[in-house]
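The structure appears right after this line, and notes come after that.
The values are calculated or read from the model by the stated rules, or taken from the named source; none is laboratory data. Please read these numbers as outputs of a predicted model, since none were measured by experiment. Counting neighbours? That spans all protein chains shown, and the Cβs are built from the backbone with ideal geometry, glycine included. For accessibility, only protein heavy atoms count, side chains too; no ligands or nucleic acids. Shrake-Rupley method; radii C 1.70, N 1.55, O 1.52, S 1.80 Å.
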Amino acid sequence: MREVFRFLGALLLGLLLVGGVVGLALFLLLQDQEALAREFLELARAKAPLLLFVAFLFALVLGALLHPLFLGYLAATRALGQEAEILLANPSHRLPLKGPLELQALGRLVQRLAEEKAALEKEVEARVQEAKALVERERAILSALIAHLPQGVVLANPRGQVVLYNPKAQELLGEGLGIGKSLFGLLDPGLLAHALRLPKERFLTQARGKNLLLQAVPLSEGMGLILEAQKGEEGLDEATLHRLKDKLAGLKALAEILAQEAPPEVRPLAEKAQEAAQELAQLVQALKPSPQAAEVLAQDLLALLAETLEREAGVQPGLALEEETRWLLLRVDTYALGRGLAATLKEAEEVLLEGRALEGFLRLSLLFPHPAPDPHPLLKEAVEKAGGSLWREGNRLILLLPAVKAPSLPAPPGPPPRAEVFDLSLLQVSEALEEAPLEGLLYTAFDLETTGLDPREDAIIALGAVHLLGSRVLRHEVYEALVDPGRPIPKASTEVHGLTWEMLKDKPKLEEVLPAFRAFLEGSVLVAHNGAFDMAFLRKVGIDQPPLVDTLLLAHLLFPDLKDHRLERLAERFGVPVLGRHTALGDALMTAEVYARMIPLLKERGFRTLGQALRACERLPLARLKY
């Protein structure tokens, strides 16, 4: 019914248009003919019924002629839409091409898009299956590898659920270990959280009544644990050692009493027993528990202690640390110290941890709003093991821990100019690469930063590069180096890249970094933006490795009507984040991402091989300019 009303509306509009045209024509014809106009009006009045009948008949005939055409067009359009909907469920469906030529053309376009979508979905599905198979193969290789390790290895997700483990781990942790089960029921959650903060250290723990050495490594999607049974030569566990010392203290006291109170006839025997007890005490004193101390910066130690107090004692301490104290290095059993503090502060509600540097020590003060509590034995023991001391002063509990100043590392400086130039010789391609497909090559996208724009007078101060395998940027395979140019850097250049000579004075000379850079480039096709500029500098130091794929030339080839072919504008067009502009590695990464997105466009234009793409660039007028 809706189509009928649409048709009637269209017919009425058509009749009004025809009537308007006829009325305008009569007005123009009779404009200066008053007598003729009067006669025409009189005739129209006289023949009005006949004229109305003729008009009605005209509308009827016109409607009868247009009705099938109009409704047929609507029906064909609607049918095409419904047929196209079927493609969503069945991409192999073929649209019936009926109706007007325009609709048939539209149907062919829709069919082509559906076929391309189906092909892309198949390709994506194939790649997903390939990726799954690869993951499974890698998982099998990893499982086979860790199965033969002498240490127990466990991988878990962020919730502590086990996703992979080897037989040695099950031997150490028992049958409670299994895929999907929680580690927190097998190992101390507090120790796990603490060990993850110090991934280079090993910690003593217990499982199934056995002493284990635990190392925890944080992963991007969870954690990895390395477990090892504590060997005898590692030392006694602390609990056993303490029991042994307690029993020995009692034995020594008993031997002393016997030596003093025994009758004369047995006194020599009692003295011998006292001597044996003293010798045994010296031997036990020489025994040490397994080393648990870790090297840690003062600022990290306070953060670890605050985290332990919040987790185990429910206390959120305030932290105060002087700037020069942050870089003190301590060797201390951080876990034992944290547990001792948590046990000491179990009844506390507020506390402030304040760190100050003394000569050779870190003075760690715990400030309370009330008299300081007695230190727990666990805390005393942890401080003594670290070679420190502790005492109370009113509302303060003070820990004095040995510390040294950490060696300072030079801060990595940050980075750097350019001109738009070309060199036709850089487009020469060897026969071996001529027919190589663009997606089957290893590329190196690189960039340089320099002291100026003249290769004869200026020097390289930064090099950056990244590998591409086809259109895939290998962001884990990068090269970056800053270079001491041996001379001041002009202010105009520093304003571009931000590098000054003061920042580069302690960096290696160019000849020291070139061998590694040359090795990184070897066996790959070079890619750069406005690359002849960079190659002019590299040729000066003996690196000449054509061919060079220049993204600036490719931009002129692909987008001849666009005016701006700067690297950042190309990056914006391709949706590449503009990060690290005018730094060697930042520009190299940007160039790599831009080129990766150019490869499909080049293939669509018919440039499928490296030779075809470079031959096309050769014909550009811009490529004939030489630096």
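Once amide H atoms are placed 1.01 Å from N in the peptide plane, what residues at a sequence separation of 5 or more from Ile489, or on another chain, have their amide H within under 5 Å of its amide H?
Trp501
Which whole-number value in Å² is the accessible area per residue of segment 124-205, probe 1.4 Å? Walk me through the numbers before you get to the answer.
On the way: 4730 Å² over 82 residues.
Accessible area per residue: 58 Å².
Quick one: of Lys132/Lys603; Lys509/Lys540; Lys132/Lys168, which pairs are farther than 20 Å apart, Cα to Cα?
In this structure, Lys132/Lys603; Lys132/Lys168 lie more than 20 Å apart at Cα.
Sorted by accessible area (1.4 Å probe), largest first, how do Ile146, Ile141 line up? Numbers along the way, then the final one.
On the way: Ile146 15, Ile141 115 Å².
So the residues, ranked largest to smallest area, are Ile141, Ile146.
Classify segment 495-539 as rounded, prolate or oblate from the Cα gyration tensor: take a ≥ b ≥ c as the square roots of its eigenvalues, call it rounded if a/c is under 1.5, otherwise prolate when a/b beats b/c and oblate if not. Let's see the in-between values first.
Numbers: a/c = 2.69, a/b = 1.37, b/c = 1.97.
Oblate, since a/c reaches 1.5 and b/c is not below a/b.
Hey, can you rank 397-404, 173-180, 545-552 by average C-beta count inside 10 Å, highest first? Intermediate values should be presented prior to the final figure.
Numbers: 397-404: 20.6, 173-180: 13.1, 545-552: 22.8.
Peptide ranking by packing, descending: 545-552, 397-404, 173-180.
Using the charge dipole of segment 474-627 (Lys, Arg: +1 at Cβ; Asp, Glu: -1 at Cβ; taken about the Cα centre), state which of Leu570, Leu602, Ile489 has its Cα farthest towards the positive end.
Selected residue: Leu602.
Protein chains only, probe 1.4 Å: how do Leu120, Leu225 rank by accessible area, largest first? Provide the component values of the computation, followed by the final result.
Values: Leu120 105, Leu225 0 Å².
Per-residue accessible area, sorted high to low, gives Leu120, Leu225.
Where the eigenvalues come from the Cα gyration tensor of segment 292-362, what are the semi-axes √(5λ) of the equivalent ellipsoid, largest first, in whole Å?
Numbers: eigenvalues 85, 41, 16 Å².
Equivalent ellipsoid of segment 292-362: 21, 14, 9 Å, largest first.
When the gyration tensor of segment 120-220 is built from Cα positions, what are the square roots of 5 times its three eigenvalues, in whole Å, from largest to smallest? Intermediate values should be presented prior to the final figure.
Details: eigenvalues 193, 46, 31 Å².
Semi-axes from the Cα gyration tensor: 31, 15, 12 Å.
Taking the Cα atoms of segment 429-490 alone, what are Rg (to one decimal) and Dmax (as a whole number) in Å?
Both quantities, over Cα of segment 429-490: 15.9, 46 Å.
Sort out for me the Cα centre separation of segment 166-182 from segment 544-568, rounded to whole Å.
57
Measure of size requested: the Rg and Dmax of segment 326-381, with Cα atoms as the atom set and Å as the unit; please supply both.
12.1, 33
Can you give the Rg to Rh ratio for segment 500-627, taking only C-alpha atoms and Rh from Kirkwood? Working shown, then result.
Working: Rg = 15.9 Å, Rh = 16.1 Å.
Answer for segment 500-627: 0.99.
Given the peptides 124-136, 508-520, 440-452, arrange them by the average over their residues of other C-beta atoms within 10 Å, most packed first. Kindly include the intermediate steps, with their values, before the conclusion.
On the way: 124-136: 10.0, 508-520: 14.7, 440-452: 22.8.
Going by the mean number of other Cβ atoms within 10 Å, highest first, we get 440-452, 508-520, 124-136.
For segment 16-61 and segment 85-121, what is the separation of their Cα centres, given in Å?
Computed from Cα coordinates, the inter-centre distance equals 51 Å.
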